[in-house]
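Okay, structure first, notes after.
The values are calculated or read from the model by the stated rules, or taken from the named source; none is laboratory data. Being a predicted model, the structure only gives us computed values, none of them experimental. Glycine also receives a Cβ, built like all others from the backbone with ideal geometry; neighbour counts cover every protein chain displayed.
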């Protein structure tokens with residue numbers, strides 16, 4: 001059996017009720033392949049006109065690699081197993097990120113454990129991507145699109161005999177000695193399904209194509225420090241069906257003993273997560289009712305790993321404990337053959353406790369212990385977020401060519417946190433004094449209730465099999481994050497420890513923040529030839545964001561690192577405070593495919609291209625938004641030749657000259673990368689070989705942020721991408 005990954009790039013609005021998550025079970029034959037599909041759309045149903053994503057893209061341990069070729073998608077790279085997705089300029093918490101319907105919170109002041117880092121590529125059955133306008137049923141409290149990951153759906157034996165199968169795979173990448181393996185095994189009867197998935201990946205520091213910074217003992221000039229990692233994910237799925245009832249239980253476990261970050265001042269020294277996800281559905285014929293309950297516990301630790309420990313005078317332990325649970329119920333009603341109504345309600349709770357124990361002095365310097373001890377620094381004291389939501393969504397087929405989807409959603413988000421304290425009263429203020437910084441914070445009104453409203457509307461018109469026109473409109477609101485409101489200290493060290501942007505700057509929260517709201521319009525036009533050989537798609541989009549949560553240099557009234565010099569600094573690291581502003585995001589995504597040659601001996605040759613242009617403007621400060629990807633274009637010549645698929649791809653990235661001066665964002669130059677890849681698949685075997693950055697070009701990822709992989713930390717130096725690398729992968733399905 002072959003592992004297939006398909007990308008459906010038609011973003012129309014179709015029948016809401018036919019999403020893969022609503023087809024909980026199917027019949028399993030011994031020839032059933034394990035399928036990973038990626039759907040890019042504005043509705044939960046799959047759509048025609050797909051583009052195949054190549055299996056070698058997902059041979060590593062990072063789920064975001066599967067999405068790399070999608071127009072408008074980018075990744076803010078962090079550790080080897082972690083990264084923050086970007087959809088048309090909306091990043092991280094601005095978009096819905098869910099795994100099997102659960103949005104795991106980022107339990108880290110540096111954003112090191114985002115939701116999609118808790119699932120390995122081998123654990124994925126389908127990914128639904130909503131680039132701009134997402135249905136309200138997908139999730140709320142996010143102003144951008146959505147990425148919804150689903151595990152392989154439960155399948156059952158079609159006959160009396162039990163069926164057993166699975167898949168094993170391994171991969172290796174020469175640059176960084178990145179390697180790993182995965183295994184999946186399942187057993188099924190007519191009514192019961194059991195599946196185990198496990199994956200492990202590890203890597204060392206990777207090499208840039210040439211030296212990009214001074215050599216220090218142990219870290220040569222071409223080595224990108226703090227890029228080593230070790231990650232493992234395991235899951236157990238138990239499913240049972242009885243008549244119209246279906247019960248699905250997922251048990252998930254992640255353990256990361258270490259993961260270094262080249263664009264963060266800290267490294268991850270542990271991330272352990274245990275989760276349970278129970279989903280029940282009942283099909284009444286006239287509709288379907290479902291209920292989901294989940295619980296997660298995350299233990300997250302940070303400190304300095306080997307590369308950052310060189311030259312350090314002290315360590316700095318940071319400990320975060322998070323509890324996340326919720327309950328959600330949904331009812332889908334088949335009103336008539338043309339109309340479907342879905343209603344839902346739910347509750348989601350997050351408790352986040354972030355404390356920094358006293359630092360351990362490494363050089364017998366008395367001031368080191370005085371500044372980071374003897375007490376435990378309380379960054380967040382059981383900060384809480386409770387989200388109560390309701391929604392209604394109506395789909396209608398007006399004719400065989402025209403359909404629409406409209407949804408309304410309300411999220412009521414309540415936040416609060418307990419009193420805080422610093423390492424000591426001398427440098428951080430005495431919390432018992434009302435005029436001190438912790439005293440003022442503890443006396444302030446910290447509990448807040450935000451009422452968020454969301455609206456989405458998408459209409460799709462298909463006059464014939466070749467043309468499709470789609471229009472999407474949405475208004476989506478998002479509450480400020482817990483760290484954005486509750487990071488309280490203006491002391492330089494504390495501010496530098498709060499920040500998930502990879503820029504090395506320091507951040508302080510703002511209790512007065514209001515929710516941000518994006519008003520988005522998206523138009524999509526797609527054409528394909530009658531034989532589906534030619535294909536063209538273009539999608540412009542525009543978003544105006546009210547009360548955008550941006551940053552400004554922190555005012556001197558906060559004291560500490562918020563000095564007059566900080567207000568005017570044009571280089572180096574700076575100190576910032578979150579503020580409500582106004583912003584706009586707009587651009588266009590496109591892709592095209594054309595046949596080049598169809599030959600009985602030489603195979604089928606296609607030329608593919610995809611690209612995107614995104615611009616972000618801070619309308620309050622009249623400056624560019626931070627980390628907006630420059631224009632990107634991919635050109636690929638693809639050959640389908642028997643059991644082989646060969647690919648030659650050139651990636652062109654423009655210079656990043658529109659940078660955010662508030663953060664002193666570094667500029668990056670234009671670059672071009674050449675990759676070669678071949679994939680073989682026959683019967684149960686699949687193998688791939690990929691030569692990445694074949695010409696060994698030195699380049700700097702415009703979304704890679706500032707290089708902080710070793711001391712001394714250097715402002716203005718971006719993180720370089722990997723030099724030439726050979727990547728091998730093999731898998732066997734049984």
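Taken over segment 683-722, the criterion of being in contact with a helix residue (DSSP H, G or I) (Cβ under 7 Å, 6 or more places away or on another chain) and assigned to a loop (DSSP other than H, G, I, E, B) is satisfied by 709, 710, 711. Residue 533 fulfils the conditions (1) surrounded by fewer than 17 Cβ atoms within 10 Å (Cβ to Cβ); (2) in contact with a strand residue (DSSP E or B) (Cβ under 7 Å, 6 or more places away or on another chain); (3) modelled with pLDDT of 95 or more except for a single criterion, (3). The residues listed here are 159, 221, 176; of these, the one that is part of a loop (DSSP other than H, G, I, E, B) and at pLDDT below 95 is 159. Among the residues making up segment 72-93, a single one is surrounded by fewer than 24 Cβ atoms within 10 Å (Cβ to Cβ) and not in a strand (DSSP E or B): 92. Among the residues of this structure, residue 528 does not count as one that is in contact (Cβ under 8 Å) with a residue 40 or more places away in the chain, closer than 30 Å to residue 473 by Cβ and buried (at least 20 other Cβ atoms within 10 Å of the Cβ).
Return yes or no: is residue 170 closer than 18 Å to residue 82 by Cα, in contact with a strand residue (DSSP E or B) (Cβ under 6 Å, 6 or more places away or on another chain) and either without any contact (Cβ under 8 Å) to a residue 60 or more places away in the chain or outside any loop (DSSP other than H, G, I, E, B) (or both)? Here the answer is no, as residue 170 does not meet what is asked. Take the conditions (1) more than 30 Å from residue 597 (Cα to Cα); (2) touching a strand residue (DSSP E or B) at 6+ places or on another chain (Cβ under 6 Å); residue 468 misses just one of them, which is (1). Remark: residue 641 falls outside the filter, which requires a residue to be more than 24 Å from residue 532 (Cα to Cα) and either surrounded by fewer than 16 Cβ atoms within 10 Å (Cβ to Cβ) or out of contact with any strand residue (DSSP E or B) (no Cβ under 8 Å at 6 or more places or on another chain) (or both). Of all residues in segment 401-420, those satisfying the criterion of being over 27 Å from residue 466 (Cβ atoms) and not in a strand (DSSP E or B) are 417, 418, 419, 420.
Within segment 597-615, being part of a strand (DSSP E or B) and free of Cβ contacts under 8 Å to residues at least 24 places away in the same chain holds for 597, 598, 599. For segment 652-672, which positions are in a strand (DSSP E or B) and surrounded by fewer than 19 Cβ atoms within 10 Å (Cβ to Cβ)? If the condition is that a residue be in a strand (DSSP E or B) and surrounded by fewer than 19 Cβ atoms within 10 Å (Cβ to Cβ), then 652, 671, 672 are the ones that fit. When residue 100 is tested against (1) buried (at least 24 other Cβ atoms within 10 Å of the Cβ); (2) at positive phi, only condition (1) is not met.
Residues in segment 563-593 that are in contact with a strand residue (DSSP E or B) (Cβ under 9 Å, 6 or more places away or on another chain), farther than 22 Å from residue 94 by Cα and in contact (Cβ under 8 Å) with a residue 24 or more places away in the chain: 569, 573, 574, 575, 590, 591, 592, 593. Taking the criterion of being surrounded by 24 or more Cβ atoms within 10 Å (Cβ to Cβ) and in a loop (DSSP other than H, G, I, E, B), the residues of segment 143-156 that qualify are 143, 144, 145.
Scanning segment 216-249 for residues that are more than 24 Å from residue 265 (Cα to Cα), in contact (Cβ under 8 Å) with a residue 40 or more places away in the chain and surrounded by fewer than 22 Cβ atoms within 10 Å (Cβ to Cβ) returns 236, 238, 240, 241, 242, 244, 246.
For segment 399-414, filtering for residues that are buried (at least 22 other Cβ atoms within 10 Å of the Cβ) and within 24 Å of residue 348 (Cβ to Cβ) leaves 5.
Only one of the numbered conditions (1) at positive phi; (2) out of contact with any helix residue (DSSP H, G or I) (no Cβ under 8 Å at 6 or more places or on another chain); (3) buried (at least 24 other Cβ atoms within 10 Å of the Cβ) is not met by residue 177, and that is (3). Is there a residue in segment 103-123 that is in contact with a helix residue (DSSP H, G or I) (Cβ under 8 Å, 6 or more places away or on another chain), part of a strand (DSSP E or B) and buried (at least 21 other Cβ atoms within 10 Å of the Cβ)? No, segment 103-123 contains no residue that is in contact with a helix residue (DSSP H, G or I) (Cβ under 8 Å, 6 or more places away or on another chain), part of a strand (DSSP E or B) and buried (at least 21 other Cβ atoms within 10 Å of the Cβ). A search for C-beta distances below 8 Å between a residue of segment 119-134 that is under 27 Å from residue 730 (Cα atoms) and any residue that is in a helix (DSSP H, G or I) and at pLDDT 90 or above, counting only pairs 6+ apart in sequence or on different chains, returns 128/138. Does residue 675 satisfy being under 26 Å from the mean Cα position of the chain (by Cα), closer than 19 Å to residue 75 by Cβ, surrounded by 15 or more Cβ atoms within 10 Å (Cβ to Cβ) and at pLDDT 95 or above? Yes. A residue that is out of contact with any helix residue (DSSP H, G or I) (no Cβ under 8 Å at 6 or more places or on another chain), modelled with pLDDT under 95 and not in a strand (DSSP E or B) can be found somewhere in segment 311-318. Of the listed requirements (1) more than 30 Å from the chain's Cα centre (by Cα); (2) surrounded by 16 or more Cβ atoms within 10 Å (Cβ to Cβ), residue 140 misses just one: (1). Is it the case that residue 597 is more than 21 Å from residue 83 (Cα to Cα), modelled with pLDDT under 95 and surrounded by fewer than 19 Cβ atoms within 10 Å (Cβ to Cβ)? It is true that residue 597 is more than 21 Å from residue 83 (Cα to Cα), modelled with pLDDT under 95 and surrounded by fewer than 19 Cβ atoms within 10 Å (Cβ to Cβ).
With respect to residue 127, determine if the residue is touching a helix residue (DSSP H, G or I) at 6+ places or on another chain (Cβ under 7 Å), part of a strand (DSSP E or B) and at negative phi. Yes; evaluated as a whole, the condition is true for this residue. Taken over segment 616-632, the residue count meeting the criterion of being touching a strand residue (DSSP E or B) at 6+ places or on another chain (Cβ under 7 Å), touching a residue at least 24 places away in the same chain (Cβ under 8 Å) and either surrounded by fewer than 17 Cβ atoms within 10 Å (Cβ to Cβ) or not in a strand (DSSP E or B) (or both) is 8. I'd like the full set of residues that are over 18 Å from the mean Cα position of the chain (by Cα), farther than 30 Å from residue 328 by Cβ and in a strand (DSSP E or B), limited to segment 250-269. Once the filter is applied, which keeps residues that are over 18 Å from the mean Cα position of the chain (by Cα), farther than 30 Å from residue 328 by Cβ and in a strand (DSSP E or B), segment 250-269 yields 257, 258, 267, 269. When segment 187-197 is filtered for residues that are surrounded by fewer than 21 Cβ atoms within 10 Å (Cβ to Cβ) and either out of contact with any strand residue (DSSP E or B) (no Cβ under 8 Å at 6 or more places or on another chain) or touching a residue at least 40 places away in the same chain (Cβ under 8 Å) (or both), the ones remaining, listed by number, are 191, 192, 194, 196. For the structure I just gave you, tell me whether residue 471 is over 22 Å from the mean Cα position of the chain (by Cα), surrounded by fewer than 24 Cβ atoms within 10 Å (Cβ to Cβ), modelled with pLDDT of 95 or more and under 25 Å from residue 703 (Cα atoms). The answer is no for residue 471.
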